[in-house]
Amino acid sequence: MKKASYFQSIIIFAIVLLTIVCFLQSGFFAEAVTESSAPAGNPQTHEPASGDDSTGGLVPCNNKCTLCHFLIGLQNIFKYLMGLLFVATMFFVTVNGTLMMVSLGSKKIVGQVKTALGLCLKGFLLFFICWVIITGILKTLGYKQIGNWWQFECDTTQAEPPPAPPTPPAPTPTEKKCNSIGGICRIWHPTMEGQTKCEDGEQPREDYKCPNSGEICCTEKINGECADVAAMTQKVINNYMTTQFGLPYGGNVHCWSTTNAAYTLSGLPSIGNLRWKPWDGDRSSIQPGDVMQTSRHTFLVLYNGATSSAIPGGLIGVNPDGLTYNIKRAQREGTPLRIIHIADVVCTNK
Amino acid sequence: MSLKKIFIVTGIVVALAFLAIVFFISPQKEKIVLQEQNENQENAMPAALPSETESSGNLENVEKARKIFENISRETVSDKTKKEGSKRIDFKNQKGSPIPLSDFEKALGVEVYPKLREYLSNGYQVFYCPGMGEKKELGVFLQYNMEKIYVGFTYEVLEMMTGWENTILPNLHTVLFPGIDFSEDNLNQKIEFRDGKYRYAEIYLPGGDKGSINYDAIEYGIIVAVSPSCLDKVHPYYESVESN
């Protein structure tokens with residue numbers, strides 16, 4: 001009886017020890033995976049257990065949990081159990097082997113050791129057979145990478161807008177800045193009452209703020225009926241940044257499609273149905289929201305001289321110096337530039 | 001346990017172990033073969049170029065880059081390349097990760113002009129166009145880090161390139177003219193770049209032959225090649241163009 005209780009306490013102690021070891025191992029493993037994960041800013045395909053919201057636990061998320069995190073959780077549990085199985089098997093084989101050596105031929109202990117070893121091997125064999133069966137089925141079905149069938153890649157990001165590029169920031173509705181719509185801030189003071197606030201060909205836009213007090217925002221006069229051009233420009237650019245920016249170039253995603261999407265998603269007609277005008281060569285006539293085209297390339301004009309960009313083999317993005325580059329490129333290629341002014345489109349639509 | 005049972009169990013265990021080994025090894029092999037195929041594959045368009053995050057200074061990367069370039073120099077020009085007009089090669093290591101530009105530089109003794117280097121990402125490709133006979137006209141594409149581009153960069157990069165012109169031959173000769181053994185005098189010859197369709201300079205190769213270096217600063221990077229016709233051929237792969 002004494003020997004039996006001694007044996008049981010060893011087993012209980014071993015199980016507790018193993019659980020602690022495996023939890024430590026799991027934590028260390030999760031940490032290692034997190035460290036090796038791709039940094040933010042890279043294409044958002046994650047290895048499991050990576051991501052900003054990672055907790056290092058079995059389900060690696062706090063608040064921004066997606067279905068992918070759930071799957072990663074299942075995968076981590078599987079990995080954890082697999083680790084536990086190997087460690088437990090090795091441990092019990094060692095413990096039982098040692099017990100057998102020190103049993104001094106005691107039939108009872110030898111019998112218990114044999115039972116324990118048998119159970120150990122049965123458990124391990126069961127796992128092994130299951131693993132072979134699954135691998136075999138996958139192989140038969142034609143899966144190629146079956147060496148790690150329990151691992152998968154999925155997108156842990158939620159359907160959030162892609163990160164905005166460093167420049168140029170699109171103004172939010174609460175921050176209507178004069179320069180965001182290509183306006184000029186002109187000095188005006190109440191004592192100048194009666195004088196025109198802006199110069200000829202310009203119109204005041206009091207809903208857009210200037211950096212200094214005593215200044216008023218002046219934009220090119222378009223048409224009294226087309227005051228919402230700035231809002232539409234903002235909408236088009238926001239749509240480009242939120243739906244097209246970051247898409248991988250190729251197939252149906254290219255310079256024309258992404259520019260067109262920014263227009264159509266804003267409720268404007270397709271750029272294929274709009275009237276292109278030859279660009280007059282006056283750079284100041286190009287406004288954010290306009291679309292330009294050479295014989296081979298189409299781009300959306302963004303703020304501060306930036307344009308949409310589509311890197312072959314890369315991602316849809318923003319070229320901060322795109323306007324200068326594309327004008328130069330058209331000159332180099334000897335092809336005329338055409339333009340669609342967003343102001344014309346909005347006014348025509350009205 | 002009877003001897004019969006022991007034999008049966010041993011047989012099953014051996015069979016299972018054999019199956020496990022086969023299933024474990026064969027996918028690994030397929031993976032390696034796929035990787036090699038990808039490396040040798042002619043890219044329909046430039047592959048996704050490496051990010052800034054790769055660690056550099058890896059000896060394995062340096063060795064791998066050297067091997068990839070040796071393969072480029074040795075391989076025969078395929079009919080597909082002849083038909084397409086050029087072949088563009090990504091440099092990836094055993095794991096399939098892009099080899100950083102700094103490792104590529106170390107591998108081939110290349111030195112990119114430091115001022116320009118500041119504005120480059122780790123994205124680059126070596127390309128070649130079929131030349132006379134079975135010769136290859138080589139070139140290299142260096143991709144900008146678009147996050148570092150600023151208003152006015154289009155013009156300033158041209159100044160940077162002008163600054164590189166004096167040393168571009170010694171800096172890039174191992175990539176542009178891999179089979180040619182340049183002497184010190186050959187490498188330090190005075191070369192004068194001129195404006196043409198692309199910026200170009202004629203150079204004297206050992207043995208009295210003439211060659212040229214041509215480059216173009218495009219929207220996403222710099223292309224350098226040994227012939228203007230090769231620049232023409234690779235342009236569509238590196239510039240945004242309308243989809244057909």
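Key figures
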quantity: Check: region A:229-349 dipole with +1 on Lys, Arg Cβ and -1 on Asp, Glu Cβ, in debye; calculated: 160
quantity: Loop-resident sites, region B:150-244, for GluC sites (Glu not before Pro), counting at most 16 other Cβ within 10 Å (DSSP); calculated: B:E192, B:E242
quantity: Relative contact order for region B:41-238, counting Cα pairs under 8 Å that sit 6 or more residues apart, in percent; calculated: 20
quantity: Positive minus negative residues near B:L108 (Lys, Arg vs Asp, Glu; Cβ under 11 Å); calculated: -2
quantity: Formal net charge of residues neighbouring B:E63 (Cβ-Cβ distance under 11 Å; K, R +1; D, E -1); calculated: +1
quantity: Restricting region B:148-244 to trypsin sites (Lys or Arg not before Pro) in coil, as DSSP defines it, with at most 10 other Cβ within 10 Å; calculated: B:K190
quantity: Residue mean of other protein chain beta carbons inside 10 Å, A:67-80; calculated: 0
quantity: Residue order, fewest to most surrounding Cβ atoms within 10 angstrom, among A:C347, A:C178, A:C217, A:C198; calculated: A:C347, A:C198, A:C178, A:C217
quantity: Trypsin sites (Lys or Arg not before Pro) lying in DSSP loop within region A:232-310, provided at most 10 other Cβ fall within 10 Å; calculated: A:R275
quantity: Within 10 Å of each Cβ in A:304-316, the average number of Cβ atoms from other chains; calculated: 6
quantity: Peptide B:146-157 - average C-beta neighbours from other chains (10 Å radius); calculated: 6
quantity: Within region B:41-238: Cβ-based charge dipole about Cα centre, in debye rounded to nearest 20 (Lys, Arg +1; Asp, Glu -1); calculated: 500
quantity: For B:I191, A:I134, A:I286, order by how many other beta-carbon atoms lie within 10 Å, fewest first; calculated: A:I134, B:I191, A:I286
quantity: Cα-based shape type of region B:41-238, given that a ≥ b ≥ c are square roots of the gyration tensor eigenvalues and the cut on a/c is 1.5; calculated: rounded
quantity: Three-way shape label, region B:105-148, alpha-carbon gyration tensor, a/c 1.5; calculated: prolate
quantity: Sequence of B:I218, A:I72 once ranked by neighbouring C-beta atoms within 10 Å, starting from the fewest; calculated: B:I218, A:I72
quantity: Over 19 Å (Cα to Cα) - which of B:K83/B:K135; B:K87/B:K190; B:K83/B:K136 fall in this group; calculated: B:K87/B:K190
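Quick note: the coordinates plus some simple rules give every number you see, no bench work behind them. Computed from a predicted structure; not experimentally measured. Backbone-built Cβ (ideal geometry, glycine too); neighbour counts: all protein chains shown.
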